[in-house]
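Q: For reference, the structure I am asking about is given below.
The numbers here are math on the coordinates, done by the rules we state, and not lab data. All values reported here derive from a predicted model rather than from experimental measurement. FYI the Cβ positions are ideal-geometry reconstructions off the backbone, even for glycines, and counts take in every protein chain you see.
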Amino acid sequence: MDLKSSDLNQHISSQFNEDLESLRTHVLKMAGMVERNLRDSLVILESMESGLLPTIEQVEHQINAFEVAVDREVINIIALRQPAASDLRVVMAISKIVRDLERMGDEAYKIGKLASDLAGDPPPAMALNLSVSLGRQVAELVKRAVDSFVRLDAEQAREVGVADRSIDADYESALRAMSTFMIEDPRAIGRLVKLLWIFRALERIGDHATNVSEQLIYAVRGKDVRHADVTESQVNDIVEDRE
Amino acid sequence: MDMTATMNDTQISAKEPSSVTNQTVGDVTVENPRMQAKNVQVFYGDKHAIQDVTIDIGSNEVIAFIGPSGCGKSTFLRCLNRMNDTIDICRVEGAITMDNKDIYDPSVDVVPLRARVGMVFQKPNPFPKSIYDNVAYGPRIHGLVESKAELDEVVEQSLTRAGLWEEVKDRLDQPGTGLSGGQQQRLCIARAIAVSPEVILMDEPCSALDPIATARIEELIHELSDQFTIVIVTHSMQQAARVSSRTAYFHLGKLIEVGPTKQIFTSPQHELTQDYITGRFG
């Protein structure tokens, strides 16, 4: 049966309620920092002003610390509370979600750094605009993934996966556009390669946001929706050690 | 055991939301049933203790019955070898069959039935006899052996199967009551399997034991499941998770949900099952 927000704080053990609540709060804080770093990196990209980079760097360290801290909380809950059913699903999902959040943080930092490098010597405006536009889409996707986690909304989480497919398509067409720009102006190749890395980082953030939403669906519904090409019988064969 | 006492102190904490329905969630049938219960009702006087429970017990499976105090899991367990016959005010309706024969049919003799469906209780209850005689008792009264040598063999086999032989082989003539709690419980399991039952019912077999003795019994349950069908009632959900392949959740006399243990403990379908196994009952 589906998990609801109210389910997290209705255990007989108030300590367990507090443990889960604290875990959830920390994940939300961490997600907030990732969103903020992505937003700030996109500001650098759009304005070609690198002033925010030191702040981004600082927040990035905090994000890393949160990953380690949340992992520790997860281990403690498993060891001391032996969570089952929806509790187990939430805890396991969170342990995977923080990994994706941390990776998103890394990519956001990478974007900030590359954009700062470009600030002194900006790439062609048309190419830059493409990256800013993809950046906005990705930031919106991340916001929706985090939102679905806040509300434990599996339906919204499912839409994140769908929206990521259009981001992937835009990424592909941006790559094609970039090769055109390179052919048109070979002197800009160095800057355009940096911009390519930014596109790549944005596309990866979209994938991580999708992973987060897939984990959320697992936590809420108990259904593993990863990898459309994997069948139930394939999984069972591996679990049961059948050839 | 006085069942009326157990029934009286029940249901203090259990809630009765609208979600307690008559419909059991999950598949109550199995491909290869050893016993089948159909629409079983149990009454203690006016009290309707078990309401319309239908479930198959599969061959060589370990099935765990879980649920809050007073949910009827022990009562239902006791129906499976007519242990409730000993309680005057208890009345059982519906059908419980073993090999397609109703075990409540008037022609059924409960003595051989209880040899086929053995039982291990919460508190180890060895007879005030020697270790040897505790195990030899069943085969003797059921006339399963013809010679002393044969009986010796059954005793050794049963104690070995129960993982106790190495610890007691040099003191078989000493009283069973002199063993440690965990050893006594394994002696009771040896006594139960000495008559080659098909089904072993276990009513909270580890609740009086320490974690090490509990782990030994759980390992034993796992080993015995290749030969016997085991039905275990336990208050420890983690024990149910560890030893059983199927789990049945009872609530206020109804069978709420049945399913593979792995599914019940990761994605239970019914709200009440979820509340119970995640510790949300209040």
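Q: Just give me a number: lysine pairs in chain A, eight or more positions apart or cross-chain, with C-alpha atoms less than 20 Å apart.
A: The number of close lysine pairs in chain A is 9.
Q: Residues in segment B:198-238, backbone N under 13 Å from the label point at A:ILE12 (7 Å along the Cα-to-beta-carbon vector): list them, ranges by number please.
A: Residues passing the 13 Å test: B:235-238.
Q: Now, a different point. Calculate one ³J(HN,Hα) per residue across segment A:109-124 by plugging θ = phi - 60° into the Karplus curve 6.51 cos²θ - 1.76 cosθ + 1.60, and present them in order as whole Hz with x for glycine and proline.
A: Working through the residues one at a time gives 4, 4, 4, x, 5, 4, 5, 5, 4, 6, 4, x, 8, x, x, x Hz.
Q: Name the long-range amide H neighbours of B:MET119: under 5 Å, sequence gap of 5 or more, or other chain; modelled H, no Pro or chain starts.
A: Under 5 Å from the amide H of B:MET119: B:LEU201.
Q: Can you pull out the trypsin sites (Lys or Arg not before Pro) in segment B:164-207 whose DSSP state is coil and whose Cβ has at most 15 other Cβ atoms within 10 Å?
A: B:LYS169, B:ARG171
Q: Taking 56 Å as R0, compute the FRET efficiency from the Cβ-Cβ separation of B:GLU93 and A:ARG226 and round it to 0.05.
A: E(calc), rounded to 0.05, equals 0.70.
Q: Suppose every Lys and Arg Cβ carries +1 and every Asp and Glu Cβ carries -1, with no other charges. What dipole size does segment A:125-230 come out with about its Cα centre, to the nearest 20 debye?
A: 280
Q: What translational diffusion coefficient, in µm²/s and rounded to a whole number, does the Stokes-Einstein relation yield for the protein assembly as shown at 10 °C and a viscosity of 1.306 mPa s, taking the hydrodynamic radius as the Kirkwood radius over Cα pairs?
A: 59
Q: Oh, and also: Under unit Cβ charges (Lys, Arg +1; Asp, Glu -1), what dipole magnitude, rounded to 20 debye, does chain B have relative to its Cα centre?
A: About 360 debye.
Q: Another question about this same structure. Report the charge-dipole magnitude of the protein assembly as shown in Debye, nearest 20, computed about the Cα centre from +1 at each Lys and Arg Cβ and -1 at each Asp and Glu Cβ.
A: Charge dipole, the protein assembly as shown, about its Cα centre: 600 debye, nearest 20.
Q: Quick one: of the DSSP bridges fully inside the protein assembly as shown, what percent are antiparallel, nearest 5?
A: Just about 60 percent of them are antiparallel.
Q: Still on this model: In terms of Cα to Cα distance under 13 Å, which aspartates and glutamates are near enough to B:LYS129, apart from those fewer than 8 places away along the same chain?
A: Cross-link targets: B:ASP173.
Q: Once you have a ≥ b ≥ c as the square roots of the Cα gyration tensor eigenvalues for segment B:108-233, tell me rounded if a/c is under 1.5, and otherwise prolate or oblate according to whether a/b is larger than b/c.
A: Since a/c reaches 1.5 but b/c is at least a/b, the shape of segment B:108-233 is classed as oblate.
Q: With θ set to phi - 60° and the Karplus curve 6.51 cos²θ - 1.76 cosθ + 1.60, what are the ³J(HN,Hα) couplings of segment A:208-213 in order, to the nearest whole Hz, using x for Gly and Pro?
A: Whole-Hz 3J(HN,Hα) from phi for segment A:208-213: 5, 4, 5, 4, 4, 5.
Q: So who's got an amide H within less than 5 Å of the one on B:ILE230, skipping anything under 5 residues away but keeping other chains? H placed 1.01 Å off N, in plane.
A: For B:ILE230, the qualifying residues are B:GLU61, B:VAL62, B:ILE63, B:ILE200.
Q: So, one more: Between A:ASP207 and B:GLN238, what FRET efficiency follows from the Cβ-Cβ distance if R0 is 41 Å, with the result rounded to 0.05?
A: The value I calculate is 0.65.
Q: What are the lysines whose alpha-carbon lies under 20 Å from the alpha-carbon of B:LYS47, with same-chain residues fewer than 8 places away excluded?
A: Candidates past the 8-residue exclusion: B:LYS15, B:LYS38, B:LYS73, B:LYS254.
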